[in-house]
Amino acid sequence: MTSEDVPVIVQKCIEFVSAHGVKSEGIYRHCGVGSRIAAVLDLFAKDAHGTYLSKENFSEHDVAGALKRFFRNLPEPVITLELYQPLLHCAEIENVQQKLLKYQSLLKQLPLRPNFVTLKKLLGHLRVITELATENKMSIPNIASSFGSTVMSGSMDSSTVNSYAGDNFSGSTKEITVLVDFLTFYEVLFEVKDEEIQKERKILQALESFNKQILSPPRAGDFLMGIYWIDRKGEAINMRLKTSLTAGQLCRALLDREKMEPDPAYTLHEVIFDDKLCSFSLRTFKVCQLFTLFRPVLRESFFGSLRSACPGR
């Protein structure tokens with residue numbers, strides 16, 4: 001889990017699609033390659049925090065497919081089964097204000113962590129996708145068609161779905177209606193603050209800006225990196241590093257310099273857009289490549305304490 005109690009696979013897949021696929025036509029509708037989707041899921045099953053997804057190995061459709069399959073294969077859907085029929089009934093309410101109040105009441109019955117926060121994270125991402133529908137062709141109805149059964153009924157077969165839906169409902173059709181409502185009224189139903197919306201927009205802009213950059217080849221010879229403890233404030237410690245140095249080796253070198261015992265909790269983080277988006281890198285990832293891809297930052301990982309160390313440019 002991340003610090004927000006969102007599954008790491010959800011967070012990282014969303015970040016990948018945000019960086020590489022928000023404008024791709026048919027994102028979340030087109031299928032990725034089955035073997036690569038399985039490979040993504042296998043990587044996260046083995047080491048979720050240590051998994052690094054690269055465009056060289058996976059397309060945006062592979063990762064989008066892995067995210068959908070993760071939700072589809074959950075033992076119980078992210079929207080719990082006891083809320084399934086009440087939500088379908090709610091979708092039938094014609095008065096919009098009454099419908100929204102009922103939706104809000106039902107959503108509050110979800111376990112806050114991880115169900116509610118994970119659903120909010122996913123729908124916030126999908127809402128961004130729909131706002132770019134002129135380019136990716138994924139309007140709210142299209143996204144809802146692709147994700148409705150994934151988040152509401154998961155791997156249940158049609159007969160089971162209909163048994164939960166009740167005699168008067170066609171489960172799969174109403175699932176789409178519910179998700180259309182969730183996406184249309186996302187800010188109201190999930191009590192999204194304006195600052196959260198602005199933050200998401202800025203993160204998306206940063207990711208798009210990064211994605212347009214032409215990646216330069218790895219540097220030749222040694223280079224200097226400024227290392228910051230705790231945050232990017234104060235005076236940096238300049239270290240001369242070899243291009244072959246990995247993130248894990250840099251962590252050990254810095255701790256040794258500071259006369260500290262080796263601590264596997266320290267990891268090299270990648271920060272873009274002034275600390276608004278941060279993810280830690282695989283220990284085997286070369287530091288010189290981080291200069292090419294991101295503004296590098298060294299911090300402790302999610303499962304460590306809050307002590308941190310940060311290198312900056």
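The values are calculated or read from the model by the stated rules, or taken from the named source; none is laboratory data. Given the structure is predicted, the values throughout are model-derived calculations rather than measurements. Methodologically, a virtual Cβ is constructed for each residue, glycine included, from the backbone with ideal geometry; neighbour enumeration extends over all protein chains shown. When the accessible area is computed, the model is the full protein with side chains, heavy atoms only, and any ligands, DNA or RNA have been set aside. Shrake-Rupley method; radii C 1.70, N 1.55, O 1.52, S 1.80 Å.
Among the residues of the range 34-59, those that are in contact with a Phe, Trp or Tyr (Cβ under 7 Å, 6 or more places away or on another chain), in a helix (DSSP H, G or I) and surrounded by fewer than 22 Cβ atoms within 10 Å (Cβ to Cβ) comprise 36, 41. Which of the residues that make up the range 12-33 are assigned to a helix (DSSP H, G or I), open to solvent by less than 40 Å² (accessible area, probe 1.4 Å) and out of contact with any strand residue (DSSP E or B) (no Cβ under 8 Å at 6 or more places or on another chain)? The answer is 13, 14, 16, 17, 18, 19. Just one of the listed residues (82, 92) is open to solvent by 40 Å² or more (accessible area, probe 1.4 Å), assigned to a loop (DSSP other than H, G, I, E, B) and either among the hydroxyl-bearing types (Ser, Thr, Tyr) or at pLDDT below 95 (or both), namely 92.
Taking only the range 116-139 into account, find how many residues are hydroxyl-bearing (Ser, Thr, Tyr), open to solvent by less than 30 Å² (accessible area, probe 1.4 Å) and farther than 15 Å from residue 13 by Cα.
Of the residues in that region, 1 qualify.
Being in a helix (DSSP H, G or I), touching a residue at least 12 places away in the same chain (Cβ under 8 Å) and under 25 Å from residue 197 (Cβ atoms) is a property that residue 134 lacks.
Scanning the range 130-176 for residues that are in contact with a Gly (Cβ under 8 Å, 6 or more places away or on another chain), within 17 Å of residue 88 (Cα to Cα) and modelled with pLDDT of 90 or more yields one hit, 176. Of all residues in the range 181-225, those that are at pLDDT 80 or above, out of contact with any Leu (no Cβ under 8 Å at 6 or more places or on another chain) and not in a helix (DSSP H, G or I) total 3. Close contacts from the range 246-262, counting a first residue that is closer than 21 Å to residue 52 by Cβ and a second that is open to solvent by less than 70 Å² (accessible area, probe 1.4 Å) and not aliphatic (A, V, I, L, M), with Cβ to Cβ under 6 Å and a gap of 6+ residues or different chains, come to 247/281; 247/285; 251/266. State the number of residues belonging to the range 174-189 that are without any contact (Cβ under 8 Å) to a residue 60 or more places away in the chain and under 22 Å from the mean Cα position of the chain (by Cα). Count: 4.
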